[in-house]
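Written below as structure tokens is the structure these notes are about.
The values are calculated or read from the model by the stated rules, or taken from the named source; none is laboratory data. These numbers come from a predicted model, not from an experiment. Here the Cβ is made from the backbone with ideal geometry for all residues, glycine too, and neighbour counts use every protein chain on show.
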Amino acid sequence: MANQYETVFIMTPVLSEDQMKETVQKFEKILTDKGAEIVHQENWGLRKLEYPIQKKSSGFYHLFEFKAEGDVVTELELQYRRDERIMRFLTVSMDKYAIAYAEKRRNIRNEKAAKAQEEAAAAPAPAAEATEEVKNETNQTEQE
């Protein structure tokens, strides 16, 4: 039976955007090739570290949530250790409460994102009306 895991890894901050995406794709491919099902993944972006790691004070964070057998985790962590772009990683097995919490967190995040998109789509219309009003006032002033 496959367990559900969550892994977070920190990539060195000297990577370009393309190198970072390539690194993430590499580990995603390792998981899928070993038969893991990726449930969710998040790019947390560049964040400041609490303490320096390898003389660096920031790093790119990325999270994978996946279902797999235990030997897949062993292989994944071996690949993390071999890759010089990875500064730190942590993989944990999720129990039923952690899985429920992660789903709830994702749903809340998705709702906030959808709400922000709706607000962004609605916001330009009032701004256009305000611009029209300013133009009309300017035209009236010029005519007088």
Residues that are exposed (fewer than 13 other Cβ atoms within 10 Å of the Cβ) and among the β-branched types (Val, Ile, Thr): does the range 75-91 have at least one? no
Where residues in the range 10-30 are touching a Leu at 6+ places or on another chain (Cβ under 8 Å) and among the hydrophobic types (A, V, I, L, M, F, W, C), which of them is surrounded by the fewest Cβ atoms within 10 Å (Cβ to Cβ)? ILE30
In the list LYS104, LYS112, LYS135, which residue meets the criterion of being modelled with pLDDT under 85 and either part of a strand (DSSP E or B) or closer than 25 Å to PHE60 by Cα (or both)? LYS112
Would you tally the residues in the range 41-90 being free of Cβ contacts under 8 Å to residues at least 24 places away in the same chain and at positive phi? 2
Within the range 38-74, restricting attention to residues that are surrounded by 13 or more Cβ atoms within 10 Å (Cβ to Cβ) and small (Gly, Ala, Ser), which residue is farthest from THR23 (Cα to Cα)? ALA68
Subset of the range 1-33 that is among the acidic types (Asp, Glu) and part of a helix (DSSP H, G or I) - its residue that is farthest from GLY45 (Cα to Cα): ASP33
